[in-house]
Amino acid sequence: MNVTHLECALCGLRHEANVLQNLCITCGKPLLVRYDLETAGKTLTRESLSTRTSTLWRYAEVLPVRSPENIVSLGEGWTPLFKTDTLAGRLPVKLDLYIKDEGQNPTQSFKARGMTAAISMAKELGVKKVAVPSAGNAAGALAAYAAKAGMEAFIFMPADTPRANIVECQQTGANVTLVDGLITDCGKIVAERKEAEGWFDVSTLKEPYRVEGKKTMGYELAEQFDWNLPDVIMYPTGGGTGLIGMWKAFDEMEQMGWIGSKRPRMVSLQSATCAPIVRAFENGERFADEFENASTVASGLRVPKAIGDFLILDAVRASGGTAISVTDAELVEAVGEIGAAEGIFTAPEGSACLPALRKLIDIGYVSAGESVVIFNTGAGVKYLEAFE
Ligand SMILES: *Cc1c(COP(=O)(O)O)cnc(C)c1O
Ligand SMILES: [Zn+2]
């Protein structure tokens with residue numbers, strides 16, 4: 001509701017909102033949704049939230065769907081924020097440590113947030129066939145939401161994607177193609193075939209709406225922290241949709257008068273064997289080169305080239321944040337440590353936050369008394385191969 005237009009995130013060119021759009025027609029970069037926040041804020045107030053649905057659609061006024069009957073929902077969002085004192089007690093300084101448990105979403109990852117928005121909008125704009133290249137969880141989420149919407153889904157995944165992702169797509173009725181390559185190779189196939197096949201491409205940030213679904217993590221954090229955002233957010237980064245989305249959400253909330261100008265320091269973390277954003281951050285670059293020979297068991301982080309690289313890097317820098325990598329051995333070990341301490345079987349992407357946080361404490365970047373949120377972006381049960 002209340003969408004005024006789409007805007008290119010790089011060149012600012014205005015695009016029409018009520019038609020299907022992928023990338024900016026002049027520079028090929030992502031489009032972001034802009035709202036009439038004054039109108040949105042008339043009915044969407046902080047007080048209004050107490051009576052709303054416990055899905056991310058509680059923020060409907062700042063989500064893109066115009067007609068509520070087009071919303072395709074499986075109960076996504078409004079996930080718990082756990083205070084994790086046992087885990088915090090294992091760290092060398094005393095922190096207020098929290099886990100936002102995105103593994104409790106439909107299809108067991110936060111990809112559900114993006115896909116509920118993208119598929120609802122695809123439905124509103126008359127799409128019948130959708131396609132996606134995926135490193136794993138985006139595929140499972142797309143398959144589920146497409147099934148619920150009655151659309152045909154075409155999915156291209158690396159052949160070594162976790163088995164749970166492949167099986168869930170098949171069992172929710174998608175057309176699954178396994179590709180001998182990486183997500184970037186899968187993306188090329190979708191790009192080559194989509195026109196002839198009549199597919200709408202829902203790749204990360206190549207359509208404007210997944211990021212809108214994911215931005216609701218920012219709204220939820222503000223609400224769950226009683227409108228005082230934490231000091232540090234640790235975000236396991238692949239395409240960066242969630243980090244970009246939360247950053248956008250903070251600005252929207254400030255414009256509606258919900259929060260002040262204080263922002264969390266945004267920490268982008270990646271696997272050492274696929275760390276294009278970390279490398280670009282360290283080199284002072286705004287765009288990230290493709291990371292050669294990318295590999296990691298944290299399949300959601302296996303994104304060697306992200307089209308929203310500059311949006312991730314801009315947000316990290318503007319927030320006073322940083323970018324850091326951890327090894328696969330470190331992140332797999334952390335799954336068991338978090339699980340035993342807190343009873344949450346995290347995805348390896350989420351567990352990567354813990355060794356990254358230890359390093360940031362070591363270098364004095366995070367210090368005693370700060371509040372830190374780590375995002376567990378998925379459920380460990382989808383990655384059984386990583387523990388063999
Ligand atoms: C996709 C994914 C990520 C990365 O998310 P982006 O928003 O693309 O950076 C992290 N963790 C899991 C479990 C994922 O599925
Ligand atoms: Zn542009």
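Structural remarks
- Extent of the stretch 180-333 along its three principal axes (Cα atoms, max minus min coordinate, largest first): 47, 40, 30 Å.
- The chain - percent of accessible surface contributed by carbon and sulfur, probe 1.4 Å: 48 percent
- Close amide H pairs (under 5 Å, H built 1.01 Å from N) link S325 with Q270, residues at least 5 positions away or on another chain.
- Hull shadow area, averaged, the stretch 1-115 [alpha-carbon convex hull, nm²]: 10.5 nm²
- In the stretch 1-64, GluC sites (Glu not before Pro) in a DSSP loop with at most 14 other beta-carbon atoms within 10 Å: E16
- Summarised as an ellipsoid, the chain has semi-axes of 28, 25, 20 Å, derived from the eigenvalues of the Cα gyration tensor scaled by 5 and square-rooted, with the largest first.
- For the stretch 357-366, backbone phi angles converted through the Karplus equation (6.51, -1.76, 1.60; θ = phi - 60°) give residue-by-residue couplings of 5, 4, 5, 5, 5, 3, 8, x, 6, 10 Hz, Gly and Pro being listed as x.
- From most to least packed by mean Cβ count within 10 Å, the peptides 154-164, 231-241 give 231-241, 154-164.
- Dipole in debye (nearest 20) - the chain, about Cα centre, beta carbon charges: Lys, Arg +1; Asp, Glu -1: 580 debye
- Whole-angstrom gap from the stretch 1-80 to the stretch 248-282, using each part's C-alpha centre: 19 Å
- Taken one residue at a time, the phi angles of the stretch 35-50 give Karplus couplings (6.51, -1.76, 1.60, θ = phi - 60°) of 10, 7, 6, 5, 5, 4, x, 6, 9, 8, 10, 4, 5, 5, 5, 4 Hz. Gly and Pro are set to x.
- Summing charges over neighbours of P355, with a neighbour being any other residue whose Cβ is under 11 Å away from its Cβ, gives -3 when K and R count +1 and D and E count -1.
- Protection-proxy order for peptides 267-279, 103-115, 133-145, each taking the mean of Cβ atoms within 10 Å per residue, highest first: 133-145, 103-115, 267-279
- Integer Hz, Karplus 6.51/-1.76/1.60 couplings in order for the stretch 220-231, x for Gly and Pro: 5, 4, 4, 5, 5, 9, 6, 6, 10, 5, x, 6
- Solvent-accessible heavy-atom area per residue, rounded to whole Å², over the stretch 7-96 at 1.4 Å: 50 Å²
- The stretch 248-388: mean projected area of Cα convex hull, nm²: 9.7 nm²
- Relative contact order for the stretch 254-388, counting Cα pairs under 8 Å that sit 6 or more residues apart, in percent: 24 percent
The values are calculated or read from the model by the stated rules, or taken from the named source; none is laboratory data. The model shown is predicted, which means the values in this text are computed figures rather than measured ones. Don't worry about glycine lacking a Cβ; one is built from the backbone with ideal geometry, like all the others, and counts go over all protein chains shown. Calculation scope for accessible area: heavy atoms of the full protein, side chains included, ligands and nucleic acids excluded. Shrake-Rupley method; radii C 1.70, N 1.55, O 1.52, S 1.80 Å.
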